[in-house]
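The values are calculated or read from the model by the stated rules, or taken from the named source; none is laboratory data. Note that the coordinates shown come from a computational prediction; the quantities given were computed from them, not determined experimentally. Cβ coordinates were reconstructed from backbone atoms using ideal geometry, including for glycine residues, and neighbour counts include every protein chain displayed.
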Amino acid sequence: MNLRENWRIVMLVVFVLAATAALFAPAAAPDAGANNSSAYGSASGPTNLKFGLELAGGSRIRAPLVGTTAENLEIEQGRRASIRQTVGNQLNVSTGDVSVVLNTGNGDAVEVLVENVSEQRFRAALTEAGTDGEAASIRSGVTAQTRQQTVETITAKINRGGLSGGQVATQRSATGDQYVVVDVPNANTTQVLNLIGDEGEVSIVATRPVQADNGTVYRNQTVLTNRQLESSQIGVAQTGQNGQPYVPITLTEGVARNYSQDLVDLGFTSSDATGRQSCRYRESPEDPGYCLYTVVDGEVVYAAGLDPGLAENIESGEFLKGPSFIMQTRSTDEAQRLQVNLRAGALPTRLAVEDGTVLFLQQSLGDRFKWQALLTGLIAWLAVSGSVFLRYRNPRVAAPMLATAAAEVYLLLGFAAAIGLPLNLSYIAGFIAVIGTGVDDLLIIADEILNEGEIATGRVFQNRFRKAFWVIGAAAVTTIIAMSPLAFLSLGDLQGFAIVTIVGVLIGVLVTRPAYGDVLRNLMLDQGGD
Amino acid sequence: MVEFVVPEPDYDRYSNRQLAAVPLAVLALALLVLAGWTLVNGVPVTPGIEFTGGTEVQIATDAPQSEVRQSLDFAESVQPIAGSNEFIVTTQSTDNEAVRSGVQSAGYEIVSIQSRSASFGADAQRLALIGIGVAFVGMSILIFALFRSFVPSVAVVASAFSDIVIPLALMNIFQIKLSLGSVAALLMLIGYSVDSDILLNNHILRRRGDFYESTYRAMQTGVTMTLTSISAMSVMWVVSRLFGIPLLPDLAIVLVFGLVADLMNTYMMNLSLLRWYKFEGVSR
């Protein structure tokens, strides 16, 4: 066999070998060994193929971030704090929910990270804060920086929350909306939402009775903010001897000094604040006495008085030498969550899960889909084989045709393994589309080459092959055009389908289908010579 | 053994008008169905929960269907999966946690659950429409660029249009909702249907030889192509439906509709336009 003449077949063989390497060679998987946790399903099965959620099981949460952003502003570095303050006051939101981001893609930006911000009031607030509120472009959503920070925090929360192998990314829809997509294998959506459904902003608030003109009123003051807690050393959630779960915390020196000073100033170390009954939050939340609240996202999850021993240490300054204390919770679950929140930090804003999608699939169902989809594909291929054999009644034509169609799918699988594409059901639909267009094209090649009688010379063959290729090429370009809108502006559901179809058609037109022409020529010339 | 020989139709017996009348009548009927559906329901095709928002739960239980339906009062539909003790329950509610707890308190095991908010669904619907629209326009431009003459190009584009409209009408008749699978199928139809049309145009316009001889040659290949795809998709529809795999049954059945429509459109409508063009249109 002349290799030069059959270079298309040689190329196909090379591609098949490469696909085999990508599918089965241990080193070919992009992160096999190095980091198994980053791709779910990578460890299972004999191949390097990765499976997406629909075929591996797990949870996916896809949601936009809550917030409203004003862009195209010009803000001086030094005025950030005052702008946050003014905008927050004008809109009645806490300063922590207003952030100023400089040098975004669209000038400087101010974002308000709460729901239902009226555009009109936002503009007025910006003007009040001394920026050009009328010229700002206001949209819902947050800046890219905040989005990135959210993705990082969620990743940290998932990894620290004991859910391994999670992947977090942002996705842009065709309509310009940005979504955060959280994929966690081997977890149900309740577990994931518990971990990331809220911002997880933790603070310690001191509440105390104060004598005023009209009797006793309660005053709250935050003594440890989330940020201060983040800089501390957070211990492992555990259960104490009295059965009370807690998280041990060691503050940094500076934070400890402020903290103890605040407690002394607020009277928490005085004798009436440290007694057994100093905090009566559980019995009478309206009149709790001296309490330290553990507050998560504005909700009091635990309340306790200052321990007398600790109060003494704080009073004497002993506390500063070993500034550790414990944050108690009601349940071990809560302690666990508190620990994650403290370690990973608060999310800049909330995921608007109610505006997104939630998906959960048991692993067993994913496994079932895997072999059922494989079987469905196989049966479809058999149906194709049946009709091709009936049409040609010549195994010399039909067998290589079916082998070529199978090779196309094999190369595609190799491609998927090589780039670490996680397979989903829509990809399987894509494989089927590829077999469909593939067999169509092979039929065109076979008929074109065989129908016009004997192939006398290589030139006649080349001529016919070129004619067939015109049709195939035109059909391929049409398919690619039909799929490209989905491949480029998709929300992801049909993106895989579109990409697989496009890549499959390219592999088919450039590699496998021309090779089939060569195979056919060899077989037919052999036959003619007999 | 079954013979698989593409029959040679006696095109001589029919005028162009007669040939085109059937596919045009079917197309008109399909458009009528879509128009009527729009009048009654406000949309040409009923969108599924992927586009309206809602929740789909797959549950495992030994209880019979009637009991499941009764115990889950929020359920809009309860469909059993053949050969298993599982059901697919859909509801318009987008509150994943509420549906989850509702199903769990009824004592069923959740195999999978998926919910989409209405706004997300609306986005996906807009995207699907844009996708199909852009794909169709792109295909049309390409066809005009390839053939560079009006009538043959219009023949291909019209046939592709009808290949999409007829399955849409059939979806209404068979109560198939618009889903990601059927959108994928409609996009695939744009590619598939053009295959056989290009083949026919190519044989008739770019080859020497008698019109009917060229037509028959193109038909031999083209009809085999379409029948092969139809057989594969029918089998896939049956199997994937039995297994209860999502996405694939919708995709398969819409493709079967479209490919059958394509047989008619290519070899009656497209052909009659080409014959007119070849024998009468060119000489004018």
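Some values worked out for this structure:
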quantity: Only one of B:Val194, B:Val254, B:Val223 that is facing another protein chain (nearest Cβ under 8 Å) and not acidic (Asp, Glu); calculated: B:Val194
quantity: Residues being among the β-branched types (Val, Ile, Thr) and closer than 30 Å to A:Ile481 by Cβ - total across the stretch B:99-151; calculated: 7
quantity: Which numbered condition A:Val511 misses (of (1) surrounded by fewer than 24 Cβ atoms within 10 Å (Cβ to Cβ); (2) at pLDDT 85 or above; (3) in contact with a Lys or Arg (Cβ under 9 Å, 6 or more places away or on another chain); (4) under 20 Å from B:Ile198 (Cβ atoms)); calculated: (4)
quantity: Complete set of residues in the stretch A:163-188 that are among the polar types (S, T, N, Q), crowded, with 18+ Cβ neighbours inside 10 Å and under 16 Å from A:Asp355 (Cβ atoms); calculated: A:Ser173
quantity: Which listed residue, of B:Val78, B:Val103, B:Val134, B:Val99, is touching a helix residue (DSSP H, G or I) at 6+ places or on another chain (Cβ under 6 Å), part of a helix (DSSP H, G or I) and hydrophobic (A, V, I, L, M, F, W, C); calculated: B:Val134
quantity: For B:Asp95: the one exception among (1) out of contact with any Gly (no Cβ under 8 Å at 6 or more places or on another chain); (2) modelled with pLDDT of 85 or more; calculated: (2)
quantity: Subset tally (residues that are within 11 Å of chain B (Cβ to nearest Cβ) and assigned to a strand (DSSP E or B)) for the stretch A:157-181; calculated: 1
quantity: Per-region count, the stretch B:207-217, residues more than 9 Å from every other protein chain (Cβ to nearest Cβ) and either assigned to a helix (DSSP H, G or I) or aromatic (Phe, Trp, Tyr) (or both); calculated: 6
quantity: Selection from the stretch B:226-244 of residues that are at the interface with another protein chain (Cβ under 7 Å from one of its Cβ atoms) and more than 19 Å from B:Glu86 (Cβ to Cβ); calculated: B:Leu227, B:Thr228, B:Ser229, B:Ser231, B:Ala232, B:Val235, B:Met236
quantity: Residues of the stretch A:359-380 classified as more than 9 Å from every other protein chain (Cβ to nearest Cβ) and free of Cβ contacts under 8 Å to residues at least 40 places away in the same chain, total; calculated: 3
quantity: Residues of the stretch A:340-372 satisfying the condition of being of a type in the set (A, V, I, L, M) and in a loop (DSSP other than H, G, I, E, B); calculated: A:Ala346, A:Leu347, A:Ala352
quantity: Residue ID - farthest from A:Gly58 (Cα to Cα), chosen from residues in the stretch B:111-141 that are surrounded by fewer than 20 Cβ atoms within 10 Å (Cβ to Cβ) and facing chain A (nearest Cβ under 7 Å); calculated: B:Gly138
quantity: Whichever residue in the stretch B:144-163 is of a type in the set (A, V, I, L, M) and surrounded by 24 or more Cβ atoms within 10 Å (Cβ to Cβ) and, among such residues, is farthest from the other protein chains (Cβ to nearest Cβ); calculated: B:Ala155
quantity: Check on B:Ala35, within 30 Å of B:Tyr267 (Cβ to Cβ), of a type in the set (A, V, I, L, M) and surrounded by fewer than 19 Cβ atoms within 10 Å (Cβ to Cβ); calculated: yes
quantity: Hits in the stretch A:145-162 - residues which are among the small types (Gly, Ala, Ser) and either surrounded by fewer than 16 Cβ atoms within 10 Å (Cβ to Cβ) or modelled with pLDDT of 90 or more (or both); calculated: A:Ala156, A:Gly162
quantity: Residue that is out of contact with any helix residue (DSSP H, G or I) (no Cβ under 6 Å at 6 or more places or on another chain), touching a residue at least 12 places away in the same chain (Cβ under 8 Å) and under 17 Å from B:Pro246 (Cβ atoms), where the choices are B:Ser84, B:Ser71, B:Ser112; calculated: B:Ser84
quantity: Residue match in the stretch B:11-32 (condition: closer than 30 Å to B:Ser162 by Cβ, within 14 Å of another protein chain (Cβ to nearest Cβ), surrounded by 12 or more Cβ atoms within 10 Å (Cβ to Cβ) and aliphatic (A, V, I, L, M)); calculated: no
